Amino acid sequence: MTTRHGEQRDHTAAGLDPLAAVRTPADPACDVYLTGNVFLDIIFTGLDTAPVRGTESWARGMGSSPGGVANMATALARLGLRTSLAAAFGDDHYGEYCWDALEQGEGIDLTLSRTVPGWHSPVTVSMAYEGERTMVSHGHEAPPPEPAPDCPPPARAAVASLTPGRAEWIAQAARKGTRVFADVGWDDTGRWDPADLADLEHCEAFLPNAEEAMRYTRTDCPRAAAHALTDRVPLVVVTLGAEGAYAVDGATGESAQVPAIEVEALDPTGAGDVFVAGFVTGTLARWPLADRTAFAGLTAALSVQEFGGSLSAPGWSEVGAWWQQVQGFADQDPAALRRYAFLAALLPAQARPWPLRRAVPTIGFGRSA
């Protein structure tokens with residue numbers, strides 16, 4: 001197996017560094033480490049309805065981007081965090097495209113990643129319509145992990161998806177002083193065994209959605225579930241969909257309920273990853289609990305207004321443009337503005353006009369002579 005190395009782009013040098021006020025010479029070079037599977041996502045947009053059996057549907061738009069764990073890595077990098085990703089890439093054109101998009105396009109450090117000869121990239125086709133999505137995926141069994149000698153690397157934080165028996169690196173990272181933020185996937189077995197959350201003992205924060213939190217704790221209230229989970233992990237943030245999010249710090253007893261921002265949702269793909277990235281950013285920057293929960297919700301709300309996973313992850317330009325726009329609304333609720341007033345001290349004075357639209361990348365364009 002081979003490893004590729006390339007020049008990492010430092011996006012924080014040209015943009016906003018949210019950790020500028022807390023960085024010291026003794027800090028590790030990496031802000032956030034994560035590992036997982038990278039997919040090639042192909043997103044069809046502009047579908048009025050779901051595809052009908054036996055017919056052909058034409059989409060008005062299509063985009064391609066790295067998906068899977070790349071959604072989280074991109075969301076972190078666009079918020080100015082120095083992000084390191086350890087993943088396997090296929091040695092096909094899809095794998096090369098994903099590698100270049102992450103390393104050259106997003107400035108993500110892929111030193112710990114590798115190309116696997118003879119393994120082709122897993123692919124997901126996503127169809128977005130009526131605010132929902134339908135996905136079809138294909139891929140061969142992922143190659144076994146082959147961590148580099150210094151993997152996981154020293155890092156301020158790591159983001160982990162809890163998978164029973166398959167995340168030994170979480171304990172290793174915690175022993176190195178890394179602050180681990182965890183989420184969890186849907187339990188297709190229906191068991192919702194609390195023992196599957198054993199790795200929370202190595203984590204600082206857990207960010208499930210309301211249904212996951214209630215099923216694991218056998219409760220019927222998301223807030224009760226959040227408090228119950230603080231017996232396992234110091235900090236719990238439960239996302240509540242249209243109702244926002246609820247966070248509770250088990251160590252201090254502090255809690256925060258932040259309402260959701262009302263937006264027209266086009267595609268929810270990657271919104272959970274963006275929420276986690278926003279919360280990690282605020283936590284590492286040492287913001288108050290309510291501010292980082294509100295910021296996480298804001299970034300997620302901005303992401304669902306665009307199509308795709310990593311394509312829709314917002315950066316500081318999008319956050320700044322949104323803040324300028326909402327302040328100009330004559331009927332804006334003053335209390336709502338005060339909730340996000342902390343942004344004023346963070347954002348640059350000038351921002352691009354809102355709404356913004358990112359370019360949608362497509363594979364296969366050749367270079368003109």
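The values are calculated or read from the model by the stated rules, or taken from the named source; none is laboratory data. This structure is a prediction, so every number in the text was calculated from the model and none was measured. Backbone-built Cβ (ideal geometry, glycine too); neighbour counts: all protein chains shown. The area values use the complete protein model at the heavy-atom level, side chains included, leaving out ligands, DNA and RNA. Shrake-Rupley method; radii C 1.70, N 1.55, O 1.52, S 1.80 Å.
The listed residues are GLY282, GLY278, GLY309, and the only one of them that is in contact (Cβ under 8 Å) with a residue 12 or more places away in the chain and under 30 Å from ARG60 (Cα atoms) turns out to be GLY309.
The lone criterion from (1) open to solvent by less than 20 Å² (accessible area, probe 1.4 Å); (2) free of Cβ contacts under 8 Å to residues at least 60 places away in the same chain; (3) among the aromatic types (Phe, Trp, Tyr) left unmet by TRP186 is number (1). Within the range 265-284, the set of residues being of a type outside the set (A, V, I, L, M) and in a helix (DSSP H, G or I) comprises GLY272, ASP273, PHE275, GLY278, PHE279, THR281, GLY282, THR283. Residues of the range 191-200 that are open to solvent by 20 Å² or more (accessible area, probe 1.4 Å) and either under 19 Å from THR283 (Cβ atoms) or under 18 Å from the mean Cα position of the chain (by Cα) (or both): ASP199 alone. Residues that are of a type outside the set (A, V, I, L, M, F, W, C), open to solvent by 10 Å² or more (accessible area, probe 1.4 Å) and touching a residue at least 24 places away in the same chain (Cβ under 8 Å) do occur in the range 73-80. For the range 23-54, a residue qualifies if it is in contact (Cβ under 8 Å) with a residue 40 or more places away in the chain, more than 23 Å from LEU110 (Cβ to Cβ) and not in a strand (DSSP E or B), and the qualifying residues are LEU47, ASP48, THR49, ALA50, PRO51.
The set of residues in the range 47-104 that are within 23 Å of PRO18 (Cβ to Cβ) and basic (Lys, Arg) comprises ARG78, ARG82.
Scanning the range 231-264 for residues that are assigned to a loop (DSSP other than H, G, I, E, B) and loosely packed, with under 15 Cβ neighbours inside 10 Å turns up ASP231, ALA251, THR252, GLY253, GLU254, PRO259, GLU262, VAL263, GLU264. Among the residues of the range 165-183, those identified as under 21 Å from the mean Cα position of the chain (by Cα) and touching a residue at least 12 places away in the same chain (Cβ under 8 Å) are ALA167, TRP169, ILE170, ALA173, ALA174, THR178, ARG179, VAL180, PHE181, ALA182, ASP183.
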